[in-house]
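What follows is a single structure, written as structure tokens, with notes after it.
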Amino acid sequence: MPLYEYECRACGRTFEQLILSKQSEVLCPQCKSADVTQLLSVFAVGGGSGKAAAEPGPCGACGAPVRGSCQLD
Ligand SMILES: [Zn+2]
């Protein structure tokens, strides 16, 4: 399952979230804000809405299913 890392823009907390559906909203586990941004460790997000960014694998570089499971993460 795809595991993404997010940062809450309301309280600054970072957390990982399993995304079961692309339509599902991600809420901060600490303050329940929906104002979160997906962290991309490899891919640069070129302006616009971070939420609408392309959907790379969690690794971003090799498509590894789990963050940290490849050398590039
Ligand atoms: Zn928060």
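The values are calculated or read from the model by the stated rules, or taken from the named source; none is laboratory data. Note that this is a predicted model, so its numbers are computed, not measured. Cβ: placed from backbone, ideal geometry, glycine included. Neighbour counts: every protein chain shown.
Side notes on the structure shown:
- Scanning region 10-25 for residues that are away from the ligand (no atom under 11 Å from the Cβ) and part of a loop (DSSP other than H, G, I, E, B) yields Ile19, Leu20, Ser21, Lys22, Gln23, Ser24, Glu25.
- Residue within region 38-54 that is at pLDDT below 80, surrounded by fewer than 12 Cβ atoms within 10 Å (Cβ to Cβ), out of contact with any Phe, Trp or Tyr (no Cβ under 6 Å at 6 or more places or on another chain) and polar (S, T, N, Q) present: yes
- Matching residues in region 8-33 - criterion: being within 21 Å of Pro65 (Cα to Cα) and touching a Cys at 6+ places or on another chain (Cβ under 9 Å): Thr14, Phe15
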